[in-house]
Amino acid sequence: MLGIRDVTHRYRDGTTITLPNWQAQDGEHWALLGPSGSGKTTLLHILGGLLRPQRGQVFIGERRLDQLGERALDQFRGQHIGVVFQTLHLVDALTVENNLRLARYFAGLSQDRNQILEVLDRLGVAEVARHHPHRLSQGQAQRVALARAIINEPAVILADEPTSALDDKTCQQVLELLTAQALACHATLVIATHDARVRGVLEHALELEPAE
Ligand SMILES: Nc1ncnc2c1ncn2[C@@H]1O[C@H](COP(=O)(O)OP(=O)(O)O)[C@@H](O)[C@H]1O
Ligand SMILES: [Mg+2]
């Protein structure tokens, strides 16, 4: 189970986001919809333990993310949550392979080169394992970011606007990859997007209200 209850987040500048109560069952695929500014990224970051809400409860399985301490939260996130950020956040100083290694390292998991190459291969980007991110095409970078999100076989995969910058064909491919990878890990998947092409592709949807 993944969910939030009574969650309100207030940014430093006073902007306050109140989110609806929501929960997903294990393995479900959700689209997180709503116009720009409605709080999709905020909710995704709260679910990913990257942002602590001022108020409310955040559940993943039996855990309450809002009650974990910093270190426990970092480790929990590394082991159980895979995030594909809107601006991918790949580390340019490292090769693709080492970007994935770093994700294993942060989660305190063993480093297995074959496993890393296998995941890159599954996503069709094994040939760029030794490249640095700045040399990748946008489609390749998207796949590498997805590989990094799933390298630890997370229970939850969160993706922020993964298709907005892509043409129709690549958009379709990225959606297929995300859902296929979520199925392969039996992970719960949440894709935040204002991209109309994603609407209706996933089995469930949560629509956030426009900001006041
Ligand atoms: N770091 C921040 N500091 C202050 N306000 C923020 C910050 N991030 C987002 N917001 C505000 O919170 C609201 C929701 O933003 P966001 O979660 O990014 O929505 P979405 O992803 O749906 O576009 C917006 O009003 C936005 O301006
Ligand atoms: Mg956003």
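Values quoted throughout were computed directly from the atomic coordinates according to the rules given, and no laboratory measurement underlies them. Note that the structure is a prediction, hence the values are computed from the model and not measured. Every residue, glycine among them, receives a Cβ derived from its backbone with ideal geometry; neighbour counts consider all protein chains shown.
Please give the residues of the range 1-29, grouped as numeric ranges, whose backbone N is less than 14 Å from a label point set 7 Å along the Cα-to-Cβ vector of residue 54.
Inside the label zone: 7-19.
Among DSSP bridges having both ends in the chain, what percentage is antiparallel? Round to the nearest 5.
Bridges in the chain are about 45 percent antiparallel.
What's the Kirkwood radius of the chain in Å, using all Cα pairs?
Details: mean 1/r = 0.0574 Å⁻¹.
17.4 Å is the Kirkwood radius here.
Can you give the FRET efficiency for residue 15 and residue 207, using 1/(1 + (r/R0)^6), R0 = 22 Å, r = Cβ-Cβ distance, to the nearest 0.05?
Calculated value: 0.60.
Could you pull out every residue, at least 5 positions away or on a different chain, whose amide H is within less than 5 Å of the one on residue 51? Hs are placed 1.01 Å off N in the peptide plane, and Pro or chain starts have none.
Close amide H contacts, sequence-distant or interchain: 46.
On a full-extension model of 0.36 nm per residue, what is the gain between residue 1 and residue 71, subtracting their alpha-carbon distance, rounded to one decimal in nm?
So the extension gain works out to 23.0 nm.
Running a GNM on the chain with Cα contacts under 10 Å, which residue among 155, 165, 182 ends up with the highest mean-square fluctuation?
Largest GNM mean-square fluctuation: 165.
Please list the helices of the chain that count as membrane-span-like by this rule: a mean Kyte-Doolittle hydropathy of at least -0.5 together with Cα atoms stretching 24 Å or more along the helix axis, each helix being a complete DSSP H run.
Taking the DSSP H segments of the chain (at least 24 Å long, mean hydropathy at least -0.5), we get 168-185.
Relative to the present Cα-Cα distance, how much length would full extension add between residue 130 and residue 25 at 0.36 nm per residue of separation?
34.0 nm
Can you give the longest run of the chain that contains no trypsin sites (Lys or Arg not before Pro) sitting in a DSSP loop with at most 14 other Cβ atoms inside 10 Å?
The reported range is 13-129.
Of the residues 78, 49, 37, which exhibits the maximal mean-square fluctuation in a Gaussian network model of the chain defined by a 10 Å Cα contact cut-off?
Highest fluctuation of the listed residues: 37.
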